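Derivation of every value follows stated rules applied to the coordinates shown; laboratory data play no part. Being a predicted model, the structure only gives us computed values, none of them experimental. Don't worry about glycine lacking a Cβ; one is built from the backbone with ideal geometry, like all the others, and counts go over all protein chains shown.
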Amino acid sequence: MFRLFVALPLPEMIRQRLTMLQAGVPGARWVKPESLHLTLRFIGEVEGGAAEDLDAALRRLSAPAFSFRLSGVGHFGPDRKPQMLWAGVERNDALIFAQERVERAVVAAGQPASERKFKPHVTLARLKEPSLPRVRRWLGEHGLFQTEDIRADRVVLYRSHLGTDGAHYEPLAEYPLEEA
């Protein structure tokens with residue numbers, strides 16, 4: 001069994017900037033710099049043959065390369081019990097188009113359609129029993145976070161290995177986006 005997802009990798013410089021946000025919330029499990037990415041589609045557990053079908057479908061992916069920016073921070077989960085901290089992504093039609101093409105490829109490979117609405121973000125931390133005042137302060141301190149343009153010229157199929165120290169991500173294949 002493979003636990004898979006498709007994502008945009010982030011350049012080293014951007015990952016380093018994101019790690020500078022990773023402090024000030026006691027009990028947060030911060031994502032390791034090498035694991036920071038922008039998920040386009042979480043697939044989940046699949047058998048080996050299904051992984052091969054996904055690879056074949058993603059090899060036929062047709063979407064243009066584009067640029068995007070990270071902007072702002074936020075959280076998932078109720079205000080009284082946030083569960084995850086993230087960096088947001090400025091609205092970007094080319095990103096939405098690429099994600100829709102990835103979704104089509106995943107479904108064409110025999111996987112069920114995603115039940116979640118796509119909300120582009122980069123997960124920074126997972127929270128368990130967070131201090132609400134500290135989370136609110138962190139959100140306020142980093143609310144104006146923004147990056148320069150990030151070039152997306154490929155999508156990557158990753159395998160996720162779950163461990164006691166968090167998930168480790170192994171790139172399995174890269175699929176280039178079309179240059180104009």
**Study point:** Sites Ser71 and Glu47 - FRET efficiency at Förster radius 35 Å, r taken between beta-carbons, to 0.05
**Key:** 0.35
Check your understanding: Calculated from DSSP H runs of 4 or more alone, at -39500 (n - 2.57) each and per residue, what is the 222 nm mean residue ellipticity of the chain, nearest 500?
Key -> -8000 deg cm²/dmol
Point to revise | Debye intensity ratio I(q)/I(0), log10, the chain, q values 0.12 Å⁻¹ (C-alpha model) | key: -0.58
Review point. Label points 7 Å out from Cα along the Cβ direction at Asp165 and Glu115: separation in nm?
Key: 3.4
Review point. Using 0.36 nm per residue, how much length does the chain from Arg151 to Arg91 gain when fully extended, once their Cα-Cα distance is taken away?
Key: 20.1 nm
Study note, to complete from the structure: With the 8 Å Cα cutoff and a minimum separation of six or more residues, the chain has a relative contact order in percent of 34
Practice item. Once you've got the GNM for the chain with C-alpha springs shorter than 10 Å, pick whichever of Pro78, Pro112, Pro33 has the biggest mean-square fluctuation. Key: Pro78
Revision key, fill the gap. Site Gln16, offset 7 angstrom along Cα→Cβ, radius 19 Å on amide nitrogen, limited to segment 146-164, gives 146-151
Check your understanding: In nm, to one decimal, how far is the modelled label at Arg29 from the one at Glu100, with both set 7 Å along Cα→Cβ?
Key -> 3.5
Check your understanding: Cα axis of helix 93-108 to longest principal axis of the chain: angle in degrees, 0 to 90, nearest 10?
Key -> 50
Practice item. For the chain, find the longest principal axis of its Cα atoms and tell me its angle to the long axis of helix 132-142, 0 to 90°, nearest 10. Key: 70
